[in-house]
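Colleague: Can you keep this structure in mind? I'll have questions shortly.
Throughout, read-outs are computed from the coordinates displayed, never taken from laboratory work. All figures in this text were calculated on a predicted structure; none of them were measured in a lab. Virtual Cβ from ideal backbone geometry, glycine too; neighbours counted across all protein chains shown.
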Amino acid sequence: MNFEYNEKTQALLEKLRAFMKDEVYPIEQEYIHAVENGKDRWKTPAMMQALKQKAREAGLWNLFLPEEYKPYGAGLTNAEYAPLCEEMGRVLFSSEIFNCSAPDTGNMEVLAKYGNEAQQEKWLVPLLNGEIRSAFAMTEPAVASSDATNIETSITRDGDEYVINGKKWYTSGAMNENCKIMVVMGKTDFDAPRHQQQSQILVPMDTKGVTIVRPMAAMGFYDEPIGHAEVLFENVRVPAENLLVGEGKGFEIAQGRLGPGRIHHCMRLIGCAQRALDMACERVESRIAFGKPLAKQQSIRETIAKMHCDIEQARLLTLKAADKMDRYGNKVSRDLIAAIKIVAPTMACNVIDDAIQMHGAAGTSQDFVLSAMYAYARTIKLADGPDQVHMMQLGRNLIADKNA
């Protein structure tokens, strides 16, 4: 593969970096303050709408969408999108400005790939236009949801409707006041073969029987104004046409959704880690300890060097995985996707932790974004499949391939 970004990517990257410098970094603390001190913690601050319009006018909109959806976005490959996603990852909320934030990206991909014309018209188009937000409901509190076949939420056919019963939590996006639709994973047939029991169905947030029980914190952070909700489904009825593809296709849809979603998180985490390193390099020049700047301390220099090496290794592995996905598809690239999902969150946790240490007590405070970055990185070691599952599956695949 060519390690140089092509002209299209380089042009977009320069435009994106300029946008971040001129529009995003200057309002970062204002945005955080507005979210933390606003009257409605789940309402997106008004400043975001102006930024979204500017991003759209600049051609920095729906950058994650591949070529087949080009009328709605930039038509980039995974490898072309990688450095752009990384750049957005430097500011935790910035992906939304460019309509590239989770879980909307994954839900848009699902609707684009698996939705019928009516579903796309009703839900995909507003999502592509940034008019609404969405949520993805899979994880459940009562079972080990890292094994998606464990889920217990029932989706039962009753005439022209499906009836949904169950409880979900960490339903990403469901707290935001502009979240209008959930993609819900449940079981339509508990007796079918293991990977054919699940189905996915579209459930509008205002459907009778849907109750937001509470917002869920991740390491003390509630991720306002997007949020992660505990959601109760009590005899929730939706039209039968809300089912995606057909009964028993839920696991297949989930696997198709999570491949790109996993690598997008890795791209963003590299951006988080790189910014943490940049902040650390600035901090150690200005702090004096034992008579000289921290930057003159040998242990600090060694740690800075190790942080750089770890980021660069993860970045190259991510680009290799993205390139293979573009060349051969997600299924053929599963081992590299698993590898980067193992490597990137751990790398980011370690790098951000070192940056916090170099900042001293301030690194844990609200004056810096490092603690929120760390919480995000640590959460991704669980999201979209915990490290142990990816390591188990990757090891299994490697052994099988060697002995085939």
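Colleague: Could you give P(r) for the stretch 257-326, binned at 10 Å from zero, as whole percent values over all Cα-Cα pairs?
Modeller: 18, 38, 23, 14, 6, 0
Colleague: For the chain, what is the relative contact order in percent, using Cα pairs closer than 8 Å and at least 6 residues apart in sequence?
Modeller: 14 percent
Colleague: Highest GNM mean-square fluctuation, the chain, Cα pairs closer than 10 Å: which of Gln119, Gln274, Gln393?
Modeller: Between Gln119, Gln274, Gln393, it is Gln393 that shows the largest mean-square fluctuation.
Colleague: Additional query: Hey, what's the per residue convex hull volume over the C-alpha atoms of the chain, in cubic angstrom?
Modeller: Hull volume over Cα atoms, normalised by residue count, gives 150 Å³.
Colleague: Additional query: Take peptides 6-16, 51-61, 82-92 and line them up by average Cβ neighbours within 10 Å, highest first, as a rough protection proxy.
Modeller: 82-92, 51-61, 6-16
Colleague: If you don't mind, another one. If you average 1/r across every pair of different Cα atoms in the stretch 202-247 and take the reciprocal, what Kirkwood value do you get, in Å?
Modeller: 12.5 Å
Colleague: Could you order the peptides 21-33, 228-240 from most to least packed, using the average number of other C-beta atoms within 10 Å per residue?
Modeller: Averaged packing, sorted descending, gives the order 228-240, 21-33.
Colleague: Please state the relative contact order of the stretch 200-341 as a whole percent: Cα pairs under 8 Å, 6+ residues apart?
Modeller: After rounding, I find 20 percent.
Colleague: Under 20 Å Cα-Cα from Lys122, which aspartates and glutamates qualify once same-chain neighbours fewer than 8 residues away are excluded?
Modeller: Partners found: Glu68, Asp104, Glu109, Glu131, Asp160, Glu161, Glu177, Asp206, Glu241.
Colleague: Could you quote the convex hull projected area for the stretch 7-128, Cα atoms only and averaged over all directions, in nm²?
Modeller: 7.8 nm²
Colleague: Counting only C-alpha contacts under 8 Å and six or more residues apart, can you give the relative contact order of the stretch 251-402 as a whole percent?
Modeller: Taking the mean separation of contacting Cα pairs over the length of the stretch 251-402, I get 29 percent.
Colleague: Could you work out the mean projected area of the convex hull around the alpha carbons of the stretch 133-247, in square nanometres to one decimal?
Modeller: Over every viewing direction, the Cα hull of the stretch 133-247 projects on average to 7.0 nm².
Colleague: Further question on the same structure: How tilted is helix 387-402 with respect to the longest principal axis of the chain? Cα atoms for both, answer in degrees (0 to 90, nearest 10).
Modeller: The helix 387-402 is inclined about 80 degrees to the chain.
Colleague: Ranked highest first by average number of other Cβ atoms within 10 Å, how do 396-404, 374-382, 338-346 line up?
Modeller: Top to bottom by mean Cβ count within 10 Å: 338-346, 374-382, 396-404.
Colleague: Helix-only estimate, please: 222 nm mean residue ellipticity of the chain, summing -39500 (n - 2.57) across DSSP H runs of length 4 or more and dividing by its residues, to the nearest 500.
Modeller: My calculation for the chain gives -15000 deg cm²/dmol from helical runs alone.
Colleague: In what order do Phe190, Phe136, Phe19 fall by count of nearby beta-carbon atoms within 10 Å, going from fewest to most?
Modeller: The most exposed by this proxy come first: Phe190, Phe19, Phe136.
Colleague: Which residue fluctuates the most in the chain, going by a Gaussian network model with Cα springs under 10 Å, if the choices are Gly248, Gly38, Gly173?
Modeller: In the Gaussian network model the winner is Gly38.
Colleague: Still on this structure, please answer the following. Could you please tell me the mean projected area of the C-alpha convex hull for the stretch 1-54, averaged over all directions and given in square nanometres to one decimal?
Modeller: 5.3 nm²
Colleague: Please give the per residue volume of the convex hull enclosing the alpha carbon atoms of the stretch 261-404, rounded to a whole number of Å³.
Modeller: Spread over its residues, the Cα hull of the stretch 261-404 gives 110 Å³ apiece.
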